[in-house]
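Shown next, in structure tokens, is the structure this report addresses.
The values are calculated or read from the model by the stated rules, or taken from the named source; none is laboratory data. All figures in this text were calculated on a predicted structure; none of them were measured in a lab. Positions of Cβ are generated from backbone atoms using ideal geometry, with glycine treated the same way; all protein chains shown enter the neighbour counts. Quick note on the areas: whole protein, heavy atoms, side chains included, nothing else; ligands and nucleic acids left out. Shrake-Rupley method; radii C 1.70, N 1.55, O 1.52, S 1.80 Å.
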Amino acid sequence: MMSQAPLAVLLSPRPAEVRAAREVGARTLVLAPDLSAPGIREAVAVAHDALTVDWLDHPGLLMAIGQLSAYPARVSVFGFAEASALVAARVNEALRFPGNPHAAVAYLTDKVALRGKVNQLTGTPVRFEQCDRVTHLVAAAEQVGFPCVAKPRTGSGGQGVHLLRDVADAALLAAELVSDPVLIVEEFLDGPEYSVLAHSRDGEHTVLAVAEKHLSDGPGFTEDGHDLPAPLDPGDRARVEDLVTATLGAAGHRSGLSLTEVVRTEHGPRLIESHAHPGPGRLGDLLALATGTDPVALAVATALRLPVPEFHPPSGGRCAGIRILRLPPGRLLEAVHGIDEAYALPGVADIGITVRVGSHVPEATSRAAGHGFVTAVASCPGELEALLGKALSLLRPVVGEAAPEPKEEHTAA
């Protein structure tokens with residue numbers, strides 16, 4: 001392991017993230033609690049080294065990699081999701097490795113603190129209330145006004161997001177919550193949504209791409225996918241970018257990738273939330289398809305002072321998209337037909353089925369989660385939409401009976 005190449009320590013990465021680090025000349029070390037887990041096993045196969053480490057155990061993590069302070073080249077720890085980005089920032093500070101300040105990452109995870117700060121930067125702030133007790137939820141929602149959205153103060157990835165249309169919705173949610181989670185209740189922002197991927201270096205923020213988010217018409221505004229780049233006129237795009245850079249600046253974000261969710265309302269763009277990682281929606285993959293530049297490679301090269309890949313913003317001649325596949329929860333997935341036919345379509349880049357054949361389909365964990373995906377690249381939005389629709393139509397999941405309800409056990413009196 002004592003190579004002279006700069007070292008990227010990757011916390012439970014995807015295989016593509018390991019490859020991106022290797023492509024810019026970094027040596028790669030994968031850390032994960034279970035190196036044989038699906039996805040991690042494939043990442044380990046393309047990494048230089050791997051260690052079994054529960055990286056959520058901070059003292060254990062420092063004990064496992066503390067000796068890297070004596071490594072003969074530059075070292076940095078990278079996380080590409082909510083928990084791992086926070087851990088990476090904390091350990092980088094502890095070991096004096098380059099990286100984003102831990103306080104900045106923590107600030108972006110705190111929706112109440114971030115909302116209050118960003119509200120000071122805009123002419124029309126977003127109404128919100130913090131709710132610490134379920135018994136106060138109805139009152140908080142009435143204070144904000146209906147419709148409104150309730151979600152965890154430190155949640156991510158669309159988990160635990162609830163649209164409250166009236167007092168009855170708020171009362172029902174309060175009755176369903178089994179504890180006193182700290183929530184933020186904020187006004188519902190009406191308009192098209194966008195996901196903005198950015199890269200920061202020494203506090204200078206560069207928007208890499210603005211992707212349009214596709215939402216279902218049903219309850220809960222489930223995410224169906226993204227298209228990149230979003231069809232925005234220059235003025236709207238500039239206003240979205242200004243909001244993103246102001247948000248990152250307010251949080252003290254200094255380096256690495258970020259994902260910021262924005263709604264374009266009739267009063268201009270408004271912040272939904274922001275995170276110090278590229279997010280779970282594979283926007284980095286779409287950016288690489290549309291531009292040839294992998295944002296993970298960009299972030300790793302910047303942190304480790306390796307040659308930085310040249311970046312060309314997405315243009316009108318090439319676009320990329322992802323669509324989410326959802327299966328009926330509780331049903332047994334017996335097979336998925338049509339994968340080879342979908343892959344054969346020109347422009348289809350990747351197909352993933354995240355439920356193992358022979359297992360029961362789990363409930364989606366968030367509005368952004370699904371049970372599979374298709375990514376593709378095309379020359380124009382219309383062609384992309386048709387291609388993704390055709391690929392999804394070719395996938396033919398075979399699902400069986402639902403899992404039986406557990407029987408209640410009765411004991412003799």
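In this structure, F97 does not satisfy being open to solvent by 70 Å² or more (accessible area, probe 1.4 Å), out of contact with any Phe, Trp or Tyr (no Cβ under 7 Å at 6 or more places or on another chain) and not in a helix (DSSP H, G or I).
Of the strands (runs of 3 or more DSSP E) that lie entirely inside segment 329-385, those containing 1 or more residues that are open to solvent by 60 Å² or more (accessible area, probe 1.4 Å), within 21 Å of P38 (Cα to Cα) and touching a residue at least 24 places away in the same chain (Cβ under 8 Å) span 331-337. Only one of the numbered conditions (1) more than 24 Å from P280 (Cα to Cα); (2) in contact with a Phe, Trp or Tyr (Cβ under 6 Å, 6 or more places away or on another chain) is not met by V134, and that is (2). Could you say whether any residue in segment 62-74 is open to solvent by 40 Å² or more (accessible area, probe 1.4 Å), at pLDDT 95 or above and touching a strand residue (DSSP E or B) at 6+ places or on another chain (Cβ under 8 Å)? Looking for residues that are open to solvent by 40 Å² or more (accessible area, probe 1.4 Å), at pLDDT 95 or above and touching a strand residue (DSSP E or B) at 6+ places or on another chain (Cβ under 8 Å), one finds at least one in segment 62-74, hence yes.
Go through segment 202-221 residue by residue and tally those that are under 20 Å from the mean Cα position of the chain (by Cα) and not in a loop (DSSP other than H, G, I, E, B).
Step one: of segment 202-221, the residues under 20 Å from the mean Cα position of the chain (by Cα) are 205-216, 220-221.
Then drop every residue that is not not in a loop (DSSP other than H, G, I, E, B), which leaves 205-215.
Residues flagged as under 20 Å from the mean Cα position of the chain (by Cα) and not in a loop (DSSP other than H, G, I, E, B) within segment 202-221 amount to 11.
Apart from one condition, L121 fits all of (1) touching a helix residue (DSSP H, G or I) at 6+ places or on another chain (Cβ under 6 Å); (2) at pLDDT 90 or above; (3) in a loop (DSSP other than H, G, I, E, B); the exception is (2).
Find the residue count for segment 168-201, including only residues that are in a strand (DSSP E or B) and out of contact with any Asp or Glu (no Cβ under 7 Å at 6 or more places or on another chain). It would help to see each step written out before you state the result.
Filtering segment 168-201 down to residues in a strand (DSSP E or B) leaves 183-187, 193-201.
Those left that are additionally out of contact with any Asp or Glu (no Cβ under 7 Å at 6 or more places or on another chain): 183-184, 186-187, 196-201.
So the count comes out to 10.
T302: open to solvent by less than 40 Å² (accessible area, probe 1.4 Å), in a helix (DSSP H, G or I) and not hydrophobic (A, V, I, L, M, F, W, C), yes or no? Step through it out loud before you land on a result.
Working: open to solvent by less than 40 Å² (accessible area, probe 1.4 Å): yes; in a helix (DSSP H, G or I): yes; not hydrophobic (A, V, I, L, M, F, W, C): yes.
In short, yes.
If I filter segment 181-229 down to residues being in contact with a Cys (Cβ under 9 Å, 6 or more places away or on another chain) and closer than 30 Å to D132 by Cα, which single residue comes out as surrounded by the most Cβ atoms within 10 Å (Cβ to Cβ)? Even if it seems obvious, please write down each step before you answer.
Keep residues of segment 181-229 that are in contact with a Cys (Cβ under 9 Å, 6 or more places away or on another chain), which gives 181-188, 227-229.
Going one step further and asking which of them are closer than 30 Å to D132 by Cα, we end up with 181-188.
Values: P181: 18, V182: 15, L183: 28, I184: 24, V185: 26, E186: 23, E187: 18, F188: 17.
Of everything passing the filter in segment 181-229, L183 is surrounded by the most Cβ atoms within 10 Å (Cβ to Cβ).
Acidic (D, E) and within 19 Å of T247 (Cα to Cα): which single residue out of E82, E93 fits that description? One residue alone meets the criteria, E82. Filtered by the rule that a residue be open to solvent by 10 Å² or more (accessible area, probe 1.4 Å) and not in a helix (DSSP H, G or I), segment 75-87 gives F78, G79, F80, A81.
Is segment 238-245 home to any residue that is part of a loop (DSSP other than H, G, I, E, B) and either over 27 Å from G145 (Cα atoms) or open to solvent by 40 Å² or more (accessible area, probe 1.4 Å) (or both)? First the steps, then the outcome.
Here is the first cut: in segment 238-245, the residues part of a loop (DSSP other than H, G, I, E, B) are none.
Scanning segment 238-245 turns up no residue that is part of a loop (DSSP other than H, G, I, E, B) and either over 27 Å from G145 (Cα atoms) or open to solvent by 40 Å² or more (accessible area, probe 1.4 Å) (or both).
Give the residue, chosen from H371, H360, H337, that is in contact with a Pro (Cβ under 9 Å, 6 or more places away or on another chain), modelled with pLDDT of 95 or more and outside the structural domain of H162 (by the TED database). Show your work before the answer.
On the way: H371 fails: modelled with pLDDT of 95 or more; H360 fails: modelled with pLDDT of 95 or more.
On inspection, the qualifying residue turns out to be H337.
Taking L189, is it of a type in the set (A, V, I, L, M, F, W, C) and either over 19 Å from H277 (Cα atoms) or free of Cβ contacts under 8 Å to residues at least 12 places away in the same chain (or both)? Judged against the criteria, L189 is a match.
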